[in-house]
Amino acid sequence: MNDTIVAISSPIGTGAIGVVRISGDHVKNIIDQALKRKKYTPKKMYYGWLYDKEGEKVDEITWVYHSQPHSYTGEDMLEIFCHGGKLITYAVLNTIIKYGARQALPGEFTKRAVLNGKMDLIKAEAVNNVITSETEISLKASFNQLKNAVSEKIKDIKNSLLNISAQIEVEMDYPDDIEFEDHDLKNKLVHIVNSMNQLLKEAENGIIAVEGVRTVIVGKPNSGKSTLLNALLRKDRAIVTDIPGTTRDTIEENLNINGIYIRLIDTAGIRYTEDTLERVGIERTINSIKNSHLILFVLDGSTPFTQEDELIYNKLNELGDKTVIIILNKSDSPNFTENNYLSLKQKNPNDFVIISAKNGAIKNLENKIYEKFFEKVNIEEPTLTNQRQKITLESSKEFVLNAINSLEKGFSNDIIMYDVRKALEKIYELSGENYTEELLDKIFSTFCVGK
């Protein structure tokens, strides 16, 4: 990790200023050769020219040097502020590469910050979430995590597990001299579980706030699903025809409904069919339903409630734990009647809306989505914000519960110690203190190159 990396940190395109970022052991050499400056002070901005290896001027710039370890990456860093514009920014980048730096990989600056102890993995993920936030609510959830509150809670759990581990080790090493009360050890383990539960309680909502509400549009063919998708997006994204079975694959789009980030999936209509391609699309629809947070069940209000509608309705009821909004569509049709669906409305009075997707009359649906999810995603307390964090903490919790169970059954200290150590390993994995290159590569591959 001693090589020097460089990347453009500003958006690519025309602008007033471009930013090129450099980190690594050769930063001082680059300042000496490319900026022709011998004396400089960290955290102070300087004006001058960037020179190529032939001594030709490349651009008129300002720059700031950050000395290790007091930098974002914990290494020597240089930030160059050049004229904006694609050509000139790339000219600066290529000049630095010729001085021995290499193009940074996605997220490599933040990866180095984690490896050099400048931040833990939870905060690193929060950095990326802040950058990629699509709504004010997702930005708020990400920023809460960026402020280290979650990291501090994880650190408290880690320290508690370390103290328990030390306590058990002492008792194992000096069994004749030291013996701790079992109920005291159990109380400490239970306290850790309670702390974990506090973080896990809002984890799913934190994930939804940052990653979006996975929303699936389902219904029989030709009920107006694709028209609804286009209406929600305010653009023609899906092909709309009167021919049933037109949509044979899932279509995914993102949108913002009153500040709530929605990841919208239009699916193939569910019906009995012999068409092989359509059946594949229906299978994908069912998988999308299983992985969703919200299901928009579209009914054709210009026709009676059919066997196909009943098939879908029964499948949705079998899921139990999903949020479902029943949408009676085509209120613009002269054949529209609510009477065919009164019993369905009476069974689901708080989850039933009438719309005209064709005419864009969907405001009551958008309000219903907001009503269903605003309290869930408007999180005040810092919480976990992705599945990796949630699954890893849940795994750690299971090991703590195993330790409590072993203690209650009177098992020996070495068995209890095994689960405590495993719980600690998972906490280290969560914070990034114990990592694999595969894990880090997977996380940082989603970052932009200059971060």
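Looking at the stretch 1-59, which of the residues that are among the acidic types (Asp, Glu) and in contact with a Lys or Arg (Cβ under 8 Å, 6 or more places away or on another chain) is surrounded by the most Cβ atoms within 10 Å (Cβ to Cβ)? Applying the filter and picking the extreme gives Asp52.
Looking at Ala124, is it hydrophobic (A, V, I, L, M, F, W, C) and closer than 27 Å to Gly15 by Cα? No, not satisfied. Against the test of being at pLDDT 90 or above, on the phi < 0 side of the Ramachandran plot, touching a Phe, Trp or Tyr at 6+ places or on another chain (Cβ under 8 Å) and not aliphatic (A, V, I, L, M), the options Tyr341, Tyr418, Tyr370 yield a single qualifying residue, Tyr341. Among residues that are assigned to a strand (DSSP E or B), touching a residue at least 60 places away in the same chain (Cβ under 8 Å), on the phi < 0 side of the Ramachandran plot and touching a strand residue (DSSP E or B) at 6+ places or on another chain (Cβ under 9 Å), Val58 is not included. Of the residues making up the stretch 100-131, those that are polar (S, T, N, Q) and within 21 Å of the chain's Cα centre (by Cα) are Thr110, Asn128, Asn129. If you go through the stretch 201-225 and keep only what is at pLDDT 85 or above, surrounded by 17 or more Cβ atoms within 10 Å (Cβ to Cβ) and either of a type in the set (S, T, N, Q) or in a helix (DSSP H, G or I) (or both), you end up with Ala203, Asn205, Gly206, Ile207, Ile208, Ala209, Val210, Glu211, Thr215, Ser223, Lys225.
The values are calculated or read from the model by the stated rules, or taken from the named source; none is laboratory data. This is a predicted model, so every value here is computed, not measured. Note that each Cβ is placed from the backbone with ideal geometry, even for glycine, and that neighbours are counted across all protein chains shown.
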